[in-house]
Amino acid sequence: MAIPMTRIMVPQASSSLRLSHLTLSKPTRVDSLCRCAPSELQPLRSGLSLSAGVHAIPHPDKVEKGGEDALFVSSYRGGVIAVADGVSSWAEQDVDPSLFSEELMANASRLVDDEEVRYDPGFLIDKAHTATTSRGSATIIVAMLEEVGVLKIGNVGDCGLKLLRQGQIIFSTTPQEHYFDCPYQLSSEGSAQTYLDASQFNVMEVKKGDVIVMGSDGLFDNVFDHEIVNIVTKHADVAESSRLLAEVASSHSRDPGFESPYALEARAKGFDVPLWKKALGMKLTGGKLDDVTVIVAQVVDS
Ligand SMILES: [Mn+2]
């Protein structure tokens, strides 16, 4: 399903409705006149843009309200993709954790072409955070493509992005957390992180054919890199890749026997089953039950 559109926001992604394949619109190419000898003429470089597929599957207990992750995809310039994950512990204070992440994404989507944002993920995160009035907190990742092939990433917390080229992961963001399972986050409370003290910014060159896999921690806690590579390289269609990745993540998350990336990390950090169970040869296993949000975006000619 190809949906040409200028901007889309999916504040609450559900398993059935939210699968969409977005062919992002063409950026404007400015051809300038060049008064020079033919030998000095540079060939015009065609612009690059993103073709993105998205899929989200909520936590099994949060299906009714659609989970607490949010995302948006914009065709502005080379294309912008973003995911936010509402921090669920706010529910203990009777605050719906989805409100903050949804509003944060709605604001980011609205501000993406704001002059003061200057097409910079840090400024976009900052302005969207400032504009958000809901109580709560969220992790966030934003990636913006320049038409010349430069990808700019801003990341606060443990959402993630991987860049694949010719079947290999050539870049991964690093999760930022205070301690195990407590990621850096933007918050309505003044004491939390801002885009400045907790953000990770990366700028890199991308090429036609590169594939970006972005997701909430529900993806990366449950799916190994080799599984991501396997799915993305076998399926050229970004909508199909995003759906399959989300389904594998959701399936692993519900499997108590699966040795997930989350279980391996927990054990590496000293978390495990009680000693008496250990003595019986048991160990901490299982996926991490969570909302799963996946965006797969391919770099294509405009
Ligand atoms: Mn999550």
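Coordinate-derived values only; no laboratory data. All figures in this text were calculated on a predicted structure; none of them were measured in a lab. Virtual Cβ from ideal backbone geometry, glycine too; neighbours counted across all protein chains shown.
Amide H contacts for Val87 (H built 1.01 Å from N in the peptide plane; partners 5 or more residues away or on another chain; cut-off under 5 Å): Ser137, Ala138, Thr139. By the beta-carbon count within 10 Å of each Cβ, the least crowded to most crowded order of Val148, Val54, Val95, fewest first, is Val148, Val95, Val54. Going by neighbour counts of Cβ atoms within 10 Å, the residues Ser260, Ser172, Ser241 line up, fewest first, as Ser172, Ser260, Ser241. Each of Phe171 and Lys234 was given a label point 7 Å from its Cα along the Cα-to-Cβ line. The distance between the two points is 2.8 nm.
What the phi angles of segment 268-277 give under the Karplus curve with 6.51, -1.76 and 1.60, with θ = phi - 60°, is a coupling list of 5, 9, x, 8, 7, 5, x, 3, 5, 6 Hz, glycine and proline written as x. Taking θ as phi - 60° and the Karplus parameters 6.51, -1.76 and 1.60, the scalar couplings of segment 140-156 work out to 8, 9, 10, 10, 10, 9, 7, 4, 6, x, 10, 9, 10, 10, x, 9, 10 Hz in sequence order, x denoting glycine and proline. Shown for Ile153, Ile170: other C-beta atoms within 10 Å of each C-beta, ranked fewest to most, produce the order Ile170, Ile153. Gain on full extension, evaluated as 0.36 nm per residue between Tyr179 and Val150 minus their Cα-Cα distance, stands at 7.2 nm. Summary of the geometry: segment 47-73 and segment 242-302, compared by the centres of their Cα atoms, lie 18 Å apart.
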